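The structure appears below as structure tokens.
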Amino acid sequence: MLEDRPYQVVWFKRDLRLADHRPLVEATALGPVVPLYVLEPALWRQPDASQRHWRFVRESLLELDGALRRRGSALWVARGEITTVLERLLARLGRFSLHSHQETGNAWSFARDRAVADWARERGVDWREHPQQAVIRGRLDRDRWDAHWRAFMSEPIPEPPSRIRSPLPERPAEALLPVEWLEPLEPDEHRFCQPGGRRRAEGVLAGFIDRRGRRYHREMSSPNTAYRACSRLSPHLAWGTLSIREVVLATREARARDRGGGRDRALGAFESRLHWHCHFIQKLESEPRIETRNLQRACDGLRDGAAGTERLWAWQAGRTGFPFVDACMRALRYTGWINFRMRSMLMAFASYHLWLDWREPGLHLARCFTDYEPGIHWPQVQMQSGTTGINAMRIYNPVKQSLEQDPHGRFIRRWVPELRRVPDSWIHAPGAMTPRQQAHGGVRIGVDYPPPLVDHEAAAREAREKLRAVRRDGGARDEARAIHRRHGSRRRRPRRSDRAESRQGRLFE
Ligand SMILES: Cc1cc2nc3c(=O)[nH]c(=O)nc-3n(C[C@H](O)[C@H](O)[C@H](O)COP(=O)(O)OP(=O)(O)OC[C@H]3O[C@@H](n4cnc5c(N)ncnc54)[C@H](O)[C@@H]3O)c2cc1C
């Protein structure tokens with residue numbers, strides 16, 4: 001023992017930072033600290049995990065280790081099941097307290113946290129969990145949720161400790177190696193994905209607030225502009241290199257500085273998304289089955305199983321014959337990111353036009369998104385698939401979206417190079433070109449680029465009817481009312497930019 005006080009183990013999970021880290025601050029005040037990250041094979045073997053997640057996490061861990069070392073400690077990395085690791089630590093350190101942030105993760109991490117709670121109880125270890133989002137654990141009073149969000153975001157941010165006393169000088173043997181259980185990607189495939197680490201997180205936040213975010217509300221919908229105009233903070237929020245409170249406070253400070261200036265609309269629209277962040281995570285926290293089961297059970301068995309089907313493969317590969325859908329999917333595969341509108345369209349296309357059950361497409365997107373956040377992802381996946389029973393059916397017309405968001409086909413030509421010589425007049429629906437037009441456009445439909453997988457108008461009509469038939473059923477209506485009582489929050493009236501976004505969404509139904 002370093003001193004008489006018991007050891008404090010700080011377990012880092014999706015909170016890979018020192019700033020705004022209450023568990024670390026509290027632990028440091030109580031005694032010598034062991035900062036711990038556990039590389040859990042079973043977690044990384046889950047079907048929603050991918051190499052690009054690990055790449056981001058690894059980069060963030062290396063930086064975290066550096067930041068800890070500058071404060072007199074180092075990051076302890078152990079590999080194995082968490083309870084086995086904790087047991088080993090108990091044998092080595094004697095008694096300790098465990099500190100971490102609460103996690104609203106996937107079903108696996110939920111079960112894992114329950115196992116840790118059981119282990120801690122049996123061993124008499126005090127496990128203190130701190131919320132890192134404005135998410136309420138346990139009984140939820142929806143009417144008070146907004147007030148809770150505001151109070152949480154107004155709490156002062158604790159300073160990171162300047163010095164951390166650590167008990168053991170040597171590092172454990174396990175290193176931060178690539179995770180060999182994960183499917184490798186093609187060498188090129190994540191070349192353009194966002195890199196991890198706190199320094200990058202701070203740079204992305206400052207760059208957005210000071211420069212890039214000025215036209216956020218106007219440029220968030222088209223993928224031609226969204227890569228620059230959106231904050232791109234999502235992977236940093238998902239893996240915790242920034243806290244949501246830090247982002248909210250930075251946004252409020254910028255708005256206060258800019259009173260009457262030109263950025264208030266943009267930053268106001270942005271702040272409302274930060275509210276959605278926690279609002280969605282709350283849904284998974286309160287109803288974890290959203291990850292695997294239809295929220296509205298009346299939708300069970302409605303769609304075809306997707307696994308192994310040609311339609312799923314074509315959608316995943318960006319070869320559906322709808323250039324804008326394919327461009328979005330290919331861009332996502334290479335960059336790990338696409339904007340909200342295009343995520344919605346991709347998901348809705350799989351669920352409505354291709355009539356695939358949402359689980360497999362949802363897993364594919366989860367693996368592609370560097371910013372995979374289960375609490376936002378699964379409620380959004382279900383919302384865009386019409387299985388919540390309470391949200392409007394949004395069936396995006398892929399050709400109309402293409403005309404609206406990429407009128408000159410710039411994005412399409414970048415990501416679907418086989419169409420680069422196709423003239424603007426055909427770029428949105430090249431499947432309708434005659435052989436002569438194809439020769440002129442330098443593409444052979446069916447050889448270089450696939451014909452459309454479905455007649456999109458007929459497929460949308462059929463999907464709408466099938467879902468409406470379910471919704472008309474009396475039992476399903478009762479169920480929808482019950483879901484509404486559980487999930488229909490009293491949110492603020494949407495801002496003008498949000499309303500414009502949703503009005504546009506309705507246009508394309
Ligand atoms: C099918 C589908 C799956 C999605 N999966 C994820 C996911 O796994 N992880 C994820 O972070 N977001 C997800 N989103 C929400 C949204 O698309 C992304 O948060 C956003 O595109 C991230 O880019 P950004 O940080 O530049 O966003 P910005 O527009 O700059 O927004 C800032 C932050 O606000 C939050 N936010 C923005 N839009 C939403 C929204 N619609 N719902 C909830 N929170 C929001 C995010 O934390 C985001 O980082 C999903 C949306 C859909 C339709």
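Residue separation times 0.36 nm, minus the C-alpha to C-alpha distance between GLU122 and ARG265: what's the value?
Working it through step by step, the gained length comes to 46.2 nm.
Can you sort ARG198, ARG218 from fewest to most other Cβ atoms within 10 Å of each residue's own Cβ?
Taking fewest neighbouring Cβ atoms as first place, the list is ARG218, ARG198.
Helix-only estimate, please: 222 nm mean residue ellipticity of the chain, summing -39500 (n - 2.57) across DSSP H runs of length 4 or more and dividing by its residues, to the nearest 500.
Helix contribution divided over all residues of the chain: -15000 deg cm²/dmol.
Taking the Cα-to-Cβ direction at ARG142 and at ARG289 and moving 7 Å from each Cα, how far apart do the two end points lie in nm?
1.7
Please give the length that would be gained between ARG297 and THR84 if that part of the chain were fully extended, namely 0.36 nm times their separation in residues minus their C-alpha to C-alpha distance (nm, one decimal).
Full-extension gain reported as 72.9 nm.
Stretch GLU462-ARG218 to full length: gain in nm at 0.36 nm per residue minus the Cα-Cα span?
Stretched fully, the GLU462-ARG218 segment lengthens by 84.5 nm.
Considering the options ALA29, HIS148, TYR352, tell which one lies farthest towards the positive end of the dipole of the chain, charges being +1 on Lys and Arg and -1 on Asp and Glu at the Cβ, about the Cα centre.
Result: HIS148.
When the convex hull of the Cα atoms of the stretch 291-507 is projected onto a plane and the area is averaged over all directions, what value comes out in nm²?
For the Cα atoms of the stretch 291-507, the hull's average projected area reads 12.4 nm².
Starting from the Kirkwood Rh over alpha-carbon pairs, what translational D in µm² s⁻¹ does the chain have by Stokes-Einstein at 4 °C and 1.567 mPa s?
53
Using alpha carbon centroids, what distance separates the stretch 195-251 and the stretch 308-330, in Å?
Here the answer is 28 Å between Cα centres.
I'd like the Kirkwood hydrodynamic radius of the stretch 221-351, using the inverse of the mean 1/r over distinct C-alpha pairs, in Å.
The answer is 17.6 Å.
Tell me, what ³J(HN,Hα) does each residue in the stretch 150-157 have, in order and in whole Hz, if you take phi through Karplus 6.51 cos²θ - 1.76 cosθ + 1.60 with θ = phi - 60° and put x for Gly and Pro?
5, 5, 4, 6, 8, 5, x, 8
Return the sequence-ordered ³J(HN,Hα) values of the stretch 215-223 in whole Hz as given by the Karplus equation 6.51 cos²θ - 1.76 cosθ + 1.60 applied to θ = phi - 60°, using x for Gly and Pro.
Once θ is set to phi - 60°, the couplings for the stretch 215-223 become 10, 3, 5, 8, 10, 6, 8, 9, x Hz.
Around LEU295, under 15 Å between beta carbons, what's the net of Lys plus Arg minus Asp minus Glu among the other residues? Each step should come with its number before you reach the end.
On the way: positive: LYS283, ARG289, ARG293, ARG297, ARG303, ARG359, ARG471, ARG477, ARG481, ARG485, ARG486; negative: GLU285, GLU287, GLU291, ASP300, ASP357, ASP478, GLU479.
Counting the neighbours of LEU295, the net charge comes to +4.
Under 5 Å between amide hydrogens, which residues at least 5 positions from TRP127 or on another chain qualify, with H placed 1.01 Å from N in the peptide plane?
Counting only residues 5 or more places away or on other chains, the set is LEU98.
Would you mind working out the magnitude of the charge dipole of the chain relative to its Cα centre, with +1 at each Lys and Arg C-beta and -1 at each Asp and Glu C-beta, to the nearest 20 Debye?
About 1700 debye.
Cα to Cα, under 19 Å, and not fewer than 8 places away if on the same chain: which aspartates and glutamates meet these conditions relative to LYS283?
Output for LYS283: ASP48, GLU103, ASP113, ASP141, ASP143, ASP146, GLU291, ASP371, GLU373, GLU479.
Mind pulling the per residue volume of the convex hull built on the Cα atoms of the stretch 205-288? Å³ is fine.
Per-residue hull volume (Cα only) is 100 Å³.
Taking all pairs of different Cα atoms in the stretch 287-353, averaging 1/r and flipping that mean, what Kirkwood radius in angstroms comes out?
13.3
For the stretch 227-234, just list the computed ³J(HN,Hα) in residue order, Karplus coefficients 6.51, -1.76 and 1.60, θ = phi - 60°, integers in Hz, with x standing in for Gly and Pro.
4, 9, 7, 7, 5, 6, 8, 4
Using the 10 angstrom Cβ neighbour count as an exposure proxy, how do TYR227, TYR352 rank, fewest first? All intermediate terms of the calculation are to be shown ahead of the outcome.
Values: TYR227 18, TYR352 27.
Ordered by Cβ neighbours within 10 Å, fewest first: TYR227, TYR352.
If a/c stays under 1.5 just call it rounded; otherwise compare a/b with b/c (prolate if a/b is bigger, oblate if not). Do that for the stretch 31-124, with a ≥ b ≥ c from the square roots of the Cα gyration tensor eigenvalues.
Oblate, because a/c is 1.5 or more while a/b does not exceed b/c.
Taking amide H positions as placed 1.01 Å from N in the peptide plane, with prolines and chain starts having none, which residues 5 or more places from HIS101, or on another chain, fall under 5 Å of its amide H?
LYS13, HIS130
Read-outs throughout are calculated quantities, based only on the coordinates presented, and are distinct from any laboratory measurement. Keep in mind it's a predicted model, so treat the numbers as computed, not measured. As a convention, Cβ positions derive from the backbone with ideal geometry for all residues, glycine included, and neighbour counts pool all protein chains shown.
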